[in-house]
Amino acid sequence: MPYTHHLRVYPSAEPLARTDQLAWKLAELATDTVEPTAEVTDMVINRVIDNAAVAAASLTRGPAVAARTQAQAHPYTPGATVFGLAAGATSSPEWAAWANGVAVRELDFHDTFLAAEYSHPGDNIPPVLAVAQHAGRTGAELVRGIVTGYEIQVDLVRAISLHKHKIDHVAHLGPSAAAGIGTLLGLGTETVFQAIGQALHTTTATRQSRKGQISTWKAHAPAFAGKLAVEAVDRAMRGQTSPEPIYEGEDGVVAWLLDGPDAAYDVVLPAPGEPRTGILDTYTKEHSAEYQAQAIIDMARALGTERPELRDPANVASIVLHTSHHTHYVIGSGANDPQKYDPTASRETLDHSVPYIFTVALQDGGWHHVGSYAPERAQRPDTVELWRKVTTAEDPEWTRRYHSTDPAEKAFGGRVEITLTSGEVVTREIAVADAHPLGARPFVRENYVAKFRTLAEGVLTEDEIERFLGLAERLPELTPAEVRELTIVAAPGVVESVEAPSGLFELGARVEAGAR
C-alpha cells in the first residue's frame with residue numbers, strides 16, 4: 001500500500017533528521033529496485049515514441065534549431081545523440097538533454113498530467129535518455145529510470161501546487177529527472193538525495209514564461225530543468241552537497257516560495273517494493289495545444305461539423321465556455337491577457353488561448369499543429385470576429401471535477417453555450433478529450449505510432465521511421481549500443497534547410513580561428 005509523507009516547515013532550531021526529509025524519501029524511492037510491470041513498460045514505449053513524434057515535427061522550428069546548434073557546440077565522446085543529427089554526432093549529455101528537451105516541448109504536443117499542479121512528464125525522458133546513452137546503459141535500465149522520473153513527478157504534482165504561487169511547474173521536473181537518472185545509474189540514496197536537492201534549488205522560476213505574450217522560452221524551460229538535473233547528478237557524484245532541508249527549511253521552498261511557514265502537504269508515495277505506476281495516470285495529446293484545450297477542440301470540431309451555421313459570426317451573438325478555474329484563469333478570458341485575443345500574437349500565446357482554439361476548431365472541424373496557428377489563419381477576418389465573441393466563465397462543478405481524485409470523475413472539459421442572433425441557444429458539454437483513457441477514442445499503441453508517422457512525414461525517411469519504431473518497440477531488450485541509436489535522424493536536407501543561428505559559442509570559435 002502507498003504511504004503518506006507529511007511535509008511541513010521546520011525552523012532551524014527544530015531538528016529534522018535527513019531520513020525524514022521529503023528529498024530523502026524521493027531518493028529512497030529512486031534507489032529501491034523495483035521491476036516495472038508489463039503495463040508500465042508498454043506505456044514507457046508509447047511515450048518514447050510520442051516524444052520522438054513531436055520532436056520530429058519541431059526540428060526546423062526556431063527554438064529547436066537554436067538549442068540544437070548549442071548542443072553541436074559541445075561535442076563529446078561517448079556523449080549522447082541529438083535529435084535530427086546523425087547518431088555519430090554526439091554532444092555532452094547535458095547539452096543533448098537540452099536540445100532534445102526543447103524539440104520535444106516546442107509544439108506543446110506530448111503527454112500531460114494535471115492535479116494540484118500541471119506537468120508534462122514526458123519531459124523526463126530527454127535527460128534520462130541522454131545519460132543512458134553517455135553511460136552505456138541498457139534499455140531495461142533506461143525503462144527503470146524513466147519510470148522513476150514519471151512516478152516522482154506525478155506524486156509531487158498530485159500534492160503540491162506551484163502555480164498558486166506563480167512558480168513554474170518545472171520545479172517538480174528538476175527533482176524527478178535527477179531521481180530518474182539516479183535510478184538509471186544505480187546510484188546510492190545519499191547521492192540521489194543530494195542531486196534532488198540541487199536540482200530543486202536551481203529549477204525554481206516564476207510563471208511569467210506562461211503569461212501574457214508568451215515567448216520561445218516556454219519550450220526551453222523544461223529542457224533547462226532537465227539539463228540542470230544532469231549537472232546536479234554529476235556534482236552529487238563528485239561528493240558535492242545541497243542546501244537542506246530543501247523543502248522543509250525555514251528559508252526553504254515551502255516557507256518562502258509556496259504556502260509559507262505554517263504550510264503542510266501530504267505527499268503519497270509508493271511503499272518500498274511497490275510497483276511505480278504513476279505513468280499510467282498520465283495522458284497524451286491528440287492536438288497541439290494546452291491540455292485543457294484538448295476536450296474543447298473535440299467538442300468544437302464536432303459542433304462545427306453538425307451545425308455549420310455556427311461557423312459564421314453573423315449568426316452568433318455570444319459564446320460562453322463554462323469550465324474549470326484553471327481553464328478560465330490560465331488559458332481563458334479570466335487571465336485578463338489581451339494577447340489571447342490578438343490576431344498577431346505568437347504561436348506560444350495562441351496555444352494558450354482557449355477562445356482562439358475553440359473558434360478555429362469550430363470553423364475548421366479539426367486541428368493542425370502548424371496550419372491552425374498560421375498568421376493567415378489567425379488573422380482571417382471572420383475568425384477574428386467570431387473569436388472576440390468567445391469568453392470563459394468558471395463553473396464550480398467543473399473546478400471540483402478538475403481536482404477530483406476519482407479517475408472516473410476527473411474532467412478537463414466544460415460546457416459551451418452559444419447564443420445565436422435568432423435567440424436560439426446551443427449547448428454542448430464534454431468531460432475529457434477523445435484520446436483520454438476514458439474518452440471516445442482512447443490512445444493505444446496504434447495511435448502513438450500513427451501520430452509518429454504523421455508528424456515525421458517529410459522530416460524523416462521511411463527507412464528511418466521504421467528503424468526508430470523497431471528499436472523503440474523493443475526498448476526493454478536493447479543493448480547499450482542499441483540505446484545509443486535510439487534517436488531520430490532527419491532526412492537529407494531537412495536540417496540544412498534552416499539557417500543555424502550563431503551565438504556566444506560560435507563567437508569564441510571565430511576568435512580562435514582568427515588567432516590562427
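Hey, could you check the stretch 374-410 for residues that are polar (S, T, N, Q) and either over 19 Å from Thr327 (Cα atoms) or not assigned by TED's automatic domain parsing to the domain that holds Ile357 (or both) and say which is surrounded by the fewest Cβ atoms within 10 Å (Cβ to Cβ)? Spell out the reasoning first.
Going through the stretch 374-410, the residues polar (S, T, N, Q) turn out to be 379, 383, 391-392, 399, 404-405.
Right, trim to either over 19 Å from Thr327 (Cα atoms) or not assigned by TED's automatic domain parsing to the domain that holds Ile357 (or both) and you get 379, 383.
Details: Gln379: 12, Thr383: 20.
In this case the residue turns out to be Gln379.
Each residue in the stretch 216-243 was checked for being at pLDDT below 95 and in a loop (DSSP other than H, G, I, E, B), and 1 pass. Return the residues of the stretch 183-215 that are under 21 Å from the mean Cα position of the chain (by Cα), outside any helix (DSSP H, G or I) and either over 21 Å from Thr327 (Cα atoms) or at pLDDT 95 or above (or both); say none if nothing qualifies. The answer is Thr203, Thr204, Ala205. So how many residues does the stretch 49-80 have that are within 21 Å of Ala225 (Cβ to Cβ) and buried (at least 24 other Cβ atoms within 10 Å of the Cβ)? The qualifying residues number 11.
Can you name every residue in the stretch 98-150 that is touching a His at 6+ places or on another chain (Cβ under 7 Å) and polar (S, T, N, Q)? Thr112, Ser119, listed by residue number. Checking every residue in the stretch 87-96 against the condition of being of a type in the set (D, E, K, R), over 27 Å from Arg401 (Cβ atoms) and either touching a Gly at 6+ places or on another chain (Cβ under 6 Å) or assigned to a helix (DSSP H, G or I) (or both) gives at least one match. When Tyr150 is tested against the conditions (1) closer than 27 Å to Asp281 by Cβ; (2) out of contact with any Gly (no Cβ under 8 Å at 6 or more places or on another chain); (3) not in a loop (DSSP other than H, G, I, E, B), the lone failure is (2). With respect to the stated conditions, Val254 fails to be surrounded by fewer than 24 Cβ atoms within 10 Å (Cβ to Cβ) and either closer than 18 Å to Ser119 by Cα or at pLDDT 95 or above (or both). Can you tell me which residue in the stretch 257-292 is surrounded by the fewest Cβ atoms within 10 Å (Cβ to Cβ), limited to those that are within 27 Å of Val143 (Cα to Cα) and polar (S, T, N, Q)? If we take residues in the stretch 257-292 being within 27 Å of Val143 (Cα to Cα) and polar (S, T, N, Q), then Thr277 is surrounded by the fewest Cβ atoms within 10 Å (Cβ to Cβ).
In the stretch 114-124, which residues are outside any helix (DSSP H, G or I) and either free of Cβ contacts under 8 Å to residues at least 40 places away in the same chain or of a type in the set (Gly, Ala, Ser) (or both)?
Filtering the stretch 114-124 for residues outside any helix (DSSP H, G or I) gives 114-120.
Within the stretch 114-124, Ala115, Ala116, Ser119 meet the criteria.
For the stretch 411-443, a tally of residues being farther than 25 Å from Val390 by Cβ and surrounded by 13 or more Cβ atoms within 10 Å (Cβ to Cβ) returns 4. Answer yes or no: is there a residue in the stretch 162-174 that is part of a helix (DSSP H, G or I) and either more than 17 Å from the chain's Cα centre (by Cα) or outside the structural domain of Phe224 (by TED's automatic domain parsing) (or both). Yes, because at least one residue in the stretch 162-174 is part of a helix (DSSP H, G or I) and either more than 17 Å from the chain's Cα centre (by Cα) or outside the structural domain of Phe224 (by TED's automatic domain parsing) (or both). Close Cβ contacts (under 9 Å, 6 or more residues apart or on different chains) running from residues in the stretch 125-145 that are hydroxyl-bearing (Ser, Thr, Tyr) to residues that are modelled with pLDDT of 95 or more and not in a helix (DSSP H, G or I) comprise Thr138/Leu478; Thr138/Thr479.
Tell me, please, whether a residue that is of a type in the set (Val, Ile, Thr), modelled with pLDDT of 95 or more, surrounded by fewer than 20 Cβ atoms within 10 Å (Cβ to Cβ) and within 26 Å of Leu455 (Cβ to Cβ) can be found in the stretch 350-371. No, the stretch 350-371 contains no residue that is of a type in the set (Val, Ile, Thr), modelled with pLDDT of 95 or more, surrounded by fewer than 20 Cβ atoms within 10 Å (Cβ to Cβ) and within 26 Å of Leu455 (Cβ to Cβ).
Screening the candidates Ala116, Ala87, Ala97 for the property of being touching a Lys or Arg at 6+ places or on another chain (Cβ under 8 Å) and either closer than 18 Å to Phe468 by Cα or among the polar types (S, T, N, Q) (or both) yields one hit, Ala87. Among the numbered conditions (1) without any contact (Cβ under 8 Å) to a residue 60 or more places away in the chain; (2) in a helix (DSSP H, G or I), the only one that Glu39 does not meet is (1).
Of the residues Val489, Val483, Val495, Val459, which single one is over 28 Å from Ala135 (Cα atoms) and among the β-branched types (Val, Ile, Thr)? Walk me through it before giving the result.
Values: Val489 fails: over 28 Å from Ala135 (Cα atoms); Val483 fails: over 28 Å from Ala135 (Cα atoms); Val495 fails: over 28 Å from Ala135 (Cα atoms).
The match here is Val459.
Could you please give the count of residues in the stretch 298-326 that are among the β-branched types (Val, Ile, Thr) and at pLDDT below 95?
Just the residues of the stretch 298-326 that are among the β-branched types (Val, Ile, Thr), to begin with: 305, 316, 319-320, 323.
When the remaining residues are screened for being at pLDDT below 95, the result is none.
The qualifying residues number 0.
None of Val483, Val449, Val494 is touching a Leu at 6+ places or on another chain (Cβ under 7 Å), surrounded by 11 or more Cβ atoms within 10 Å (Cβ to Cβ) and farther than 21 Å from Ala96 by Cα except Val449.
The values are calculated or read from the model by the stated rules, or taken from the named source; none is laboratory data. Values in this document were obtained by computation on a predicted structure and should not be read as measured data. Positions of Cβ are backbone-derived with ideal geometry, glycine not excepted, and every protein chain shown enters the neighbour counts.
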